[in-house]
Amino acid sequence: IGGGYWILGNITTTSYFFSAKLLMVIKDRLQQELISALTQQPRQVWTVVDGQEVQRRLDELQAGDVVIVYAGEVLPVDGVICTGAATLDEHMLTGEARPIEKAVGDQVFTATLLLTWKIAVTVEQAGATTLVARINEVLAQTVDFRSTRQLRMQALTDRLVAPTLGLAAVTLPFLGVSAAAAVVNSHPFRHLNNFAALGMLNAFVAAADQGTLIKDGRSLELLQEVDTLIFDKTGTLTQAAPQVMA
């Protein structure tokens with residue numbers, strides 16, 4: 001800019017902030033993917049007040065309230081069944097595809113699907129204190145995970161600072177200020193750091209799109225070295241929807 005190269009100066013700055021903006025968009029998308037993967041809760045729920053069913057906002061619920069859940073609905077709270085019996089699909093939390101029978105006194109959790117009948121649930125946890133909310137907090141840390149590759153990239157760019165400045169200093173007396181500035185601007189800090197982060201975050205987003213939630217970024221980074229996958233129960237590998245075969 002000091003040399004009057006307005007277009008070149010602006011292109012350089014624009015390219016940097018474009019990549020930074022792209023990184024922010026990918027981060028935000030990943031956070032939304034993780035949240036939507038688990039929390040598909042209704043905003044309004046049916047509660048029992050003085051023996052009557054009244055519709056209330058989910059964020060107004062407190063421990064001790066009684067929530068009514070009907071077949072086909074997702075449970076909005078963690079709690080204990082106080083009335084009724086039903087079949088629940090808990091595969092979102094447990095990976096177990098087999099429907100689970102629940103009755104009075106049994107524990108139920110947010111994000112599980114009520115398959116049959118109707119139940120009344122005494123609220124124990126709601127909103128940010130539910131099991132699903134706590135899982136989301138763990139998953140959200142994945143967004144800010146800094147991989148070993150990213151750290152190596154940063155270490156590399158740090159080591160290149162002194163040689164780049166030295167080369168610019170040598171260039172200055174022979175080719176002038178513009179050439180020295182071009183050498184300084186060629187330092188790969190912006191490109192390497194942003195591309196390393198984008199590559200990792202895009203992999204997280206692709207996995208979330210397929211219903212795979214990665215709790216720790218190191219797991220993804222070490223995947224290329226894995227030769228055996230171990231499953232703790234056969235239910236994890238079962239189709240989620242039962243089918244009539246005969």
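The values are calculated or read from the model by the stated rules, or taken from the named source; none is laboratory data. Everything numeric here is computed off the predicted structure, so don't read it as measured data. Counting neighbours? That spans all protein chains shown, and the Cβs are built from the backbone with ideal geometry, glycine included. Side chains included, ligands, DNA and RNA excluded: accessible areas come from the protein's heavy atoms. Shrake-Rupley method; radii C 1.70, N 1.55, O 1.52, S 1.80 Å.
Just to verify a number: FRET efficiency for residue 15 and residue 207, C-beta to C-beta distance, R0 = 35 Å, to 0.05?
Using R0 = 35 Å, I get an efficiency of 0.75.
Per 0.36 nm of contour for each residue apart, how much would the distance between residue 195 and residue 175 grow if the chain were fully extended, relative to their Cα-Cα spacing? Each step should come with its number before you reach the end.
Working: separation 20, 0.36 × 20 = 7.20 nm, distance 3.14 nm.
Gain in length upon complete extension: 4.1 nm.
What is the gain in length, in nm to one decimal, between residue 7 and residue 59 on full extension, counting 0.36 nm per residue of separation less the C-alpha to C-alpha distance? Please report the intermediate quantities before stating the final value.
Values: separation 52, 0.36 × 52 = 18.72 nm, distance 5.14 nm.
Additional length available on full extension: 13.6 nm.
Rolling a 1.4 Å sphere over the protein heavy atoms, what is the accessible area per residue of segment 46-111, to the nearest Å²? Show your work: numbers first, answer last.
Values: 3280 Å² over 66 residues.
Per residue, segment 46-111 has 50 Å² of solvent-accessible surface.
What ranking do 46-53, 114-121, 164-171 get when scored by the average of other Cβ atoms within 10 Å per residue, highest first?
Numbers: 46-53: 11.5, 114-121: 18.5, 164-171: 14.9.
Descending packing order for the listed peptides: 114-121, 164-171, 46-53.
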